[in-house]
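See structure below.
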Amino acid sequence: MMSLAETSLWAVVKRQYMFKLQSYANLFVSLVIVQLIALLFTLGGMSGTSSMCSDNMCVVVKSYSGTGIFIFTALSIAVSSFVLALPLYRNIDFSFVTNRLSSNLANIGFLITVSIAGGVTATLGSILLRNILYYTGESGTILSLNFQVEPGELLSSLGVAILYLILLSAAGYFAGVLTQLHRSLYVLLPALLLGIFFYESANEHIRIFRRLDFFTLESSPIFFFLKIMIGAALLWIGAILLSDRTEVR
């Protein structure tokens, strides 16, 4: 039996997107938990320590950074993006009147939302780290240089974090769709990435992962934004095209 009612693609995407926000709310909770764990690790030992002693005095310098919080956030979002492309989650969409395009677009919208939320909480987590160290610093002295964050610097850090997380979510989603082409890719893809990483580490003239400098060493905010968004868009387009080659449900 066929329905005579016409359904707009964007109406279906919006309905699926709202469904994912409600159904996958646990991903936001797990993201916050991961960030809290990263904060505890940072306070408990993920810091650099150096000491300098003279005849009558010994100075111990401990440095703390919110980088660990961002790294944990990035790994969490990359894994969540990969899992979202797996059949267990992907086939849920077919309880709606839908196709692979609307399903992918809804997933992309959801991942952008998660990336924005992750970027905001990771950046604020770094501020929380500074406040915890300030009020629980015992008898130590906190250097004022770079301790206080100006509003402009905070906003730029927030924007950079969100953009990087969007790119990582696109890469994770693309990898998840790619592994659906053949089950052997579940093993071959991680093995290939690890092999390239170790081979590049042992050979300085090999530049494969170092090509990521294309994204990390850009000094212009406009070009940085364009590079990240174009890179993420290409990964998403690749995921959409690859998903058309997977089995039809």
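Listed here are the residues, each with its yes/no results for (1) among the acidic types (Asp, Glu); (2) under 23 Å from Val79 (Cβ atoms); (3) crowded, with 17+ Cβ neighbours inside 10 Å; (4) modelled with pLDDT of 85 or more.
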position: Ile92; (1), (2), (3), (4): no, yes, no, no
position: Ser115; (1), (2), (3), (4): no, yes, yes, yes
position: Gly118; (1), (2), (3), (4): no, yes, yes, yes
position: Thr121; (1), (2), (3), (4): no, yes, yes, yes
position: Gly125; (1), (2), (3), (4): no, yes, yes, yes
position: Asn131; (1), (2), (3), (4): no, no, no, no
position: Glu138; (1), (2), (3), (4): yes, no, no, no
position: Val149; (1), (2), (3), (4): no, no, no, no
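Restrict the check to the stretch 187-195 and report whether at least one residue is exposed (fewer than 15 other Cβ atoms within 10 Å of the Cβ), in contact with a helix residue (DSSP H, G or I) (Cβ under 7 Å, 6 or more places away or on another chain) and modelled with pLDDT under 75. Checking the stretch 187-195: not a single residue is exposed (fewer than 15 other Cβ atoms within 10 Å of the Cβ), in contact with a helix residue (DSSP H, G or I) (Cβ under 7 Å, 6 or more places away or on another chain) and modelled with pLDDT under 75.
Scanning the stretch 95-107 for residues that are surrounded by fewer than 23 Cβ atoms within 10 Å (Cβ to Cβ), among the hydrophobic types (A, V, I, L, M, F, W, C) and either at pLDDT 80 or above or closer than 15 Å to Asp244 by Cβ (or both) yields a total of 2.
Taking the condition at pLDDT 85 or above and among the aliphatic types (A, V, I, L, M), does Ala85 pass? Spelling it out, it is not the case that Ala85 is at pLDDT 85 or above and among the aliphatic types (A, V, I, L, M). Residues that are surrounded by fewer than 17 Cβ atoms within 10 Å (Cβ to Cβ), at pLDDT 90 or above and in contact with a helix residue (DSSP H, G or I) (Cβ under 7 Å, 6 or more places away or on another chain) within the stretch 232-249 comprise just one, Gly238.
The values are calculated or read from the model by the stated rules, or taken from the named source; none is laboratory data. The structure displayed is predicted, hence computed values, not measured ones. Because the Cβ atoms are built from the backbone with ideal geometry, glycine has one as well, and the counts that use them run over all protein chains shown.
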